[in-house]
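The values are calculated or read from the model by the stated rules, or taken from the named source; none is laboratory data. Since we're looking at a predicted model, the values are computed, not measured. Cβ placement follows ideal geometry from the backbone for every residue including glycine, while neighbour counts extend to all protein chains displayed. Protein only, heavy atoms only, side chains kept; ligands, DNA and RNA dropped before computing areas. Shrake-Rupley method; radii C 1.70, N 1.55, O 1.52, S 1.80 Å.
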Amino acid sequence: QVQLVESGGGLVQAGDSLRLSCTASEGTFSRYSIAWFRQAPGKEREFVAGISGNGGIIFHADSVRGRFTISRDNAKNTAYLQMNSVKPEDTAVYYCAARPFVVPKMPGQYNYWGQGTQVTVSS
């Protein structure tokens, strides 16, 4: 059983930077792929970025590529989402999710979820 806790959300202005963290309780953190999803009011949960257990496979959604970067530090049981040049359309609740091995882009394929952290970008 993996417990995930997100942190780092908040209210920022367009063009600012923000770093989200996802810390896991599981000691074998490196076994799990980690993904970030986001969900805006009235919209479906969408894939933002994903990273394999050893960091060798990384995906970013087209909407954030070049602005957001996913990374992880297995020694700290923590994954990160560095968000640069944020836009108002990035406003959403951001969730991290974990599953063994592969890095799918569909939320239904993840076993473990955090509680979410709100990111609000003002114009």
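To check you understand DSSP bridge types, tell me what percent of the beta bridges within the chain (both residues inside) are antiparallel, rounded to 5. Mind showing how you got there, number by number?
Numbers: 37 of 42 bridges.
Of those bridges, close to 90 percent are antiparallel.
Dipole of the chain, Cα-centred, from +1 at each Lys and Arg C-beta and -1 at each Asp and Glu C-beta, to the nearest 20 debye?
Numbers: 12 positive and 9 negative charges, 38 e Å.
Its charge dipole is roughly 180 debye.
Which GluC sites (Glu not before Pro) in the range 20-123 sit in a loop by DSSP (not H, G, I, E or B) and have at most 16 other Cβ atoms within 10 Å of their own Cβ?
Working: sites: Glu26, Glu44, Glu46, Glu89; in loops: Glu26, Glu44.
Listed in order of number, the matching sites are Glu26, Glu44.
Could you give the accessible area per residue of the chain, probe 1.4 Å, as a whole number in Å²?
Numbers: 6150 Å² over 123 residues.
Value for the chain: 50 Å² per residue.
Which FRET efficiency value, to the nearest 0.05, do you get for Ala14 and Val102 by plugging their Cβ-Cβ distance into 1/(1 + (r/R0)^6) with R0 = 35 Å?
Numbers: r = 35 Å, r/R0 = 0.99.
So, using R0 = 35 Å, E works out to roughly 0.50.
Calculate the FRET efficiency for Lys76 and Thr120 from the Cβ-Cβ distance with a Förster distance of 30 Å, rounded to the nearest 0.05. Present the calculation step by step, with values, prior to reporting the outcome.
Working: r = 27 Å, r/R0 = 0.89.
In this case the efficiency is close to 0.65.
Quick one: check the C-alpha center-to-center distance for the range 104-121 versus the range 38-103, whole angstrom.
9 Å
When the accessible area of the range 80-122 is split by element with a 1.4 Å probe, what percent falls to carbon and sulfur?
On the way: 1070 of 1960 Å².
For the range 80-122, the apolar C and S fraction of the accessible surface comes to 55 percent.
Given the options Ser123, Ser85, Thr69, identify the residue whose Cα lies farthest towards the positive end of the charge dipole of the chain (+1 on Cβ of Lys, Arg; -1 on Cβ of Asp, Glu).
Value: Thr69.
Run down the lysines and flag those whose C-alpha is under 21 Å from the C-alpha of Lys43, throwing out any fewer than 8 positions away in its chain.
Lys87, Lys105
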